[in-house]
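The values are calculated or read from the model by the stated rules, or taken from the named source; none is laboratory data. Computed from a predicted model, the values in this text were never measured in an experiment. With ideal geometry, Cβ positions are generated from the backbone for all residues, glycine too; neighbour counts draw on all protein chains shown. Only protein heavy atoms, including side chains, enter the accessible area calculation; ligands, DNA and RNA are left aside. Shrake-Rupley method; radii C 1.70, N 1.55, O 1.52, S 1.80 Å.
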Amino acid sequence: MESFPVIAGELEALQALKRLDLSLDDAARREEAARLRLRESTAQLASAREVQKTEKKLLDDALKEHKTLDLDLKKGEEQVRKYSTQMYEVKTNKEYTALKDEIDKAKGESQKLEDKVLQLMMKEDELKGAGARRAAELAELDKAHRVLEAEVQAELGRLETERAALREERGGKSGALPAALLHRYERIRALRGGSPLATVVEAPGGGEGACSECHMTIRPQTIVELHRMEELIACESCGRILYLEASARPA
């Protein structure tokens, strides 16, 4: 058959183009996976920094409140001393009793303030401990992130070199194909993704052949036509270009 060498050559060129495109797809997947690892690491680091920021604000607020309570305690103590001094100057029991009530009231308020200060001190110790642990955790995360960032950048550089070589080789392979056939190949790839070619495999349960990509059954007559290799035949289900493995072709 005069058409046999032409079809065989086209199939070989298409298969070579397919291998290059799948290699480019794989490189793109590896690039996305590397970028995803970096994004996840960046998000984890940012989250840890936000937690540290929140904990630091809680500690700052507690320290600020502690300072305010200390001032209130100091005022209360001064008030008690003032009332105590005035008690030596009163002339009636009524005035003495009134001052004593004020002193007791001030002491009661001071006790409440002291209880709050104690609670704040416990909270401050807890926040300081959490802050120290968070700082150590953040330092480890930052170190790991920098290592990962360097690894990802190196991997992206290697992938770009790999893809540049694949694209250059693909340019040569695609340029050798007839324009109409290349257009057909590119259209199938754009519609279906992955491989625009499909081989014939054993159908589920044995018997008739099936498309290796969409797994739909292929008519026996189509398989006969594939053996003849007189023209390129598409799968009736997914539209991919069908071919037989070399071991299944006629000698």
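Would you call Glu168 in a helix (DSSP H, G or I), without any contact (Cβ under 8 Å) to a residue 40 or more places away in the chain and open to solvent by 40 Å² or more (accessible area, probe 1.4 Å)?
So Glu168 passes the test.
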Review point. Taking Ala135, is it exposed (fewer than 15 other Cβ atoms within 10 Å of the Cβ) and under 30 Å from Ser23 (Cβ atoms)?
Key: no
Check your understanding: When you go through (1) open to solvent by 80 Å² or more (accessible area, probe 1.4 Å); (2) closer than 30 Å to Gln52 by Cα one by one for Arg158, which number turns out not to apply?
Key -> (2)
Practice item. Name the one entry in Leu36, Leu59, Leu63 that is in contact (Cβ under 8 Å) with a residue 40 or more places away in the chain, of a type in the set (A, V, I, L, M) and surrounded by fewer than 16 Cβ atoms within 10 Å (Cβ to Cβ). Key: Leu63
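Can Tyr83 be described as farther than 30 Å from Ala48 by Cβ, free of Cβ contacts under 8 Å to residues at least 12 places away in the same chain and either touching a helix residue (DSSP H, G or I) at 6+ places or on another chain (Cβ under 7 Å) or surrounded by 12 or more Cβ atoms within 10 Å (Cβ to Cβ) (or both)?
Values: farther than 30 Å from Ala48 by Cβ: yes; free of Cβ contacts under 8 Å to residues at least 12 places away in the same chain: no; either touching a helix residue (DSSP H, G or I) at 6+ places or on another chain (Cβ under 7 Å) or surrounded by 12 or more Cβ atoms within 10 Å (Cβ to Cβ) (or both): yes.
Answer is no for this residue.
If I ask for residues that are in a helix (DSSP H, G or I) and open to solvent by 90 Å² or more (accessible area, probe 1.4 Å), which ones from the stretch 185-202 would you list?
Scanning the stretch 185-202 gives Arg187, Leu191, Arg192.
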Point to revise | Residues of the stretch 216-243 satisfying the condition of being in a loop (DSSP other than H, G, I, E, B), surrounded by 14 or more Cβ atoms within 10 Å (Cβ to Cβ) and not small (Gly, Ala, Ser) | key: Ile218, Met229, Glu230, Leu232, Cys235, Glu236, Cys238, Arg240
Check your understanding: Which of the following residues is out of contact with any strand residue (DSSP E or B) (no Cβ under 8 Å at 6 or more places or on another chain) and at pLDDT 95 or above: Arg192, Arg249, Arg187?
Key -> Arg187
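Looking for something under 21 Å from the mean Cα position of the chain (by Cα) and either among the aromatic types (Phe, Trp, Tyr) or open to solvent by 50 Å² or more (accessible area, probe 1.4 Å) (or both) - is there at least one such residue anywhere in the stretch 1-23?
No, every residue in the stretch 1-23 fails to be under 21 Å from the mean Cα position of the chain (by Cα) and either among the aromatic types (Phe, Trp, Tyr) or open to solvent by 50 Å² or more (accessible area, probe 1.4 Å) (or both).
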Review point. Of the residues Glu102, Glu77, which is of a type outside the set (Ser, Thr, Tyr) and loosely packed, with under 15 Cβ neighbours inside 10 Å?
Key: Glu77
Practice item. Go through the stretch 105-128 and give me each residue that's more than 44 Å from the chain's Cα centre (by Cα) and either open to solvent by 100 Å² or more (accessible area, probe 1.4 Å) or touching a residue at least 40 places away in the same chain (Cβ under 8 Å) (or both). Key: Lys105, Lys107, Lys112, Leu113, Glu114
